[in-house]
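**Student:** This structure is in structure tokens; I'll ask about it shortly.
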Amino acid sequence: MPIPELLDWPTEVTEARAIQDRWRDRVEVCDRLHLVNSVAGVDLGFENEGRTTRAAAALFSYPDLELMETAIAIYPTIFPYIPGYLSFREVPPILKALRQLTVFPDLILCDGQGLAHPRRFGLACHLGVLLDCPTIGVAKSRFIGTHGEPGRKRGSWELLTDGEETIGAVLRTRAKVKPLYVSIGHRVSLETAISYVLACAPNYRLPETTRIADRLASNRT
DNA sequence: GCGACAG
DNA sequence: ATCTTGTCGC
């Protein structure tokens, strides 16, 4: 699985928005995955007062969830954090980390939204379309949309809606703990996404993939 | 105009 | 995201 080189990465919000509008139609919302033997989590951390980005990738076997490989990539921070344009800040460093993996994951869990985005093209969608690989958006907080409060037990969820449109799900991965915002990234249906997130988060609120990636990215241990 | 706003 | 110690609860 070759990871594309990035040419002409946008610097301005206007170009970024144009790319989102031009690529949003390429998002696939139905299941198109192979047998999932590996799952990866990717996340970022920052150093030097934000001037340096530290990307991490953690590859796990599935469904065993054994940590197989990790990768860390240092990258200059190239785009500011602007709500709605997170992927333009995170994708380049993430690709650099993924290139270091020996095995390309069958599924990637992203730390952020997928379709639950103003223009339906959040980080998980962007990464998925760019790599043409299955991705799921797993965010720790709401960006857009409305929803009811999911039941307090693990596994209960509510639809995340924007007007008449379903854009994701609010999923409780641990009883009585703040739920996660799950949305389609690419090539994984919402129902399938929910089951994978649950399967990847057997003991904690966050999936094992993002927990480890997060830890690596923030330089902890 | 005012408030909200993934990481 | 990051700055940061102790502290409340199971």
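Derivation of every value follows stated rules applied to the coordinates shown; laboratory data play no part. These numbers come from a predicted model, not from an experiment. Virtual Cβ from ideal backbone geometry, glycine too; neighbours counted across all protein chains shown.
**Student:** Please return the longest range in chain A lying between exposed loop sites, taking chymotrypsin sites (Phe, Trp or Tyr not before Pro), DSSP loop only, at most 14 other beta-carbon atoms within 10 Å, and leaving the sites out.
**Tutor:** With a cap of 14 other Cβ atoms within 10 Å, the longest stretch comes to A:82-203.
**Student:** Counting pairs on different chains as well as pairs 8 or more places apart, how many Lys pairs in chain A have Cα atoms under 21 Å apart?
**Tutor:** Pairs that pass both the separation and distance tests number 5.
**Student:** Rounded if a/c is under 1.5, else prolate if a/b is larger than b/c, else oblate: which is chain A, with a ≥ b ≥ c the root eigenvalues of its Cα gyration tensor?
**Tutor:** Rounded.
**Student:** In deg cm²/dmol, rounded to 500, what helix-only [θ] at 222 nm does chain A give when every DSSP H run of at least 4 residues adds -39500 (n - 2.57) and the total is split over its residues?
**Tutor:** -7500 deg cm²/dmol
**Student:** Hey, fewest Cβ within 10 Å first, where do A:VAL103, A:VAL42, A:VAL188 land in order?
**Tutor:** A:VAL103, A:VAL188, A:VAL42
**Student:** Moving to a separate point now. If amide hydrogens are placed 1.01 Å from N in the peptide plane, which non-local residues have theirs closer than 5 Å to the one on A:LEU180?
**Tutor:** A:LEU171, A:ARG172, A:THR173
**Student:** Between region A:145-221 and region A:1-70, what is the separation of their alpha carbon centroids in Å?
**Tutor:** Each part's Cα centre sits 17 Å from the other's.
**Student:** Looking at region A:129-221, which GluC sites (Glu not before Pro) are DSSP coil and have at most 10 other C-beta atoms within 10 Å of their C-beta?
**Tutor:** Passing sites in region A:129-221 are A:GLU164.
**Student:** Which order results if A:VAL129, A:VAL177 are arranged by neighbouring Cβ count within 10 Å, fewest first?
**Tutor:** A:VAL177, A:VAL129
**Student:** Report the local net charge at A:GLY145: Lys and Arg +1, Asp and Glu -1, summed over other residues whose C-beta lies under 10 Å from its C-beta.
**Tutor:** Net charge around A:GLY145: -1.
**Student:** From the square roots a ≥ b ≥ c of the eigenvalues of the alpha-carbon gyration tensor of region A:1-131, which class results: rounded (a/c under 1.5), prolate (a/b over b/c), or oblate?
**Tutor:** Oblate.
**Student:** Rank these for me by crowding, A:ASP21, A:ASP43, going from fewest to most other beta carbons within 10 Å.
**Tutor:** Least crowded to most crowded, the residues run A:ASP21, A:ASP43.
**Student:** Do any GluC sites (Glu not before Pro) in region A:2-75 lie in a DSSP loop with no more than 15 other beta carbon atoms within 10 Å, and if so, which?
**Tutor:** A:GLU5, A:GLU12, A:GLU66
**Student:** Treating only the Cβ atoms of Lys and Arg (+1) and Asp and Glu (-1) as charged, compute the dipole magnitude of region A:1-80 about its Cα centre; round to the nearest 20 debye.
**Tutor:** Roughly 140 debye for region A:1-80.
**Student:** In whole Hz, with x marking every Gly and Pro, tabulate ³J(HN,Hα) for region A:46-56 from phi via Karplus 6.51 cos²θ - 1.76 cosθ + 1.60, θ = phi - 60°.
**Tutor:** Residue by residue, region A:46-56 yields 10, 9, 6, 6, x, 6, 10, 9, 10, 9, 10 Hz.
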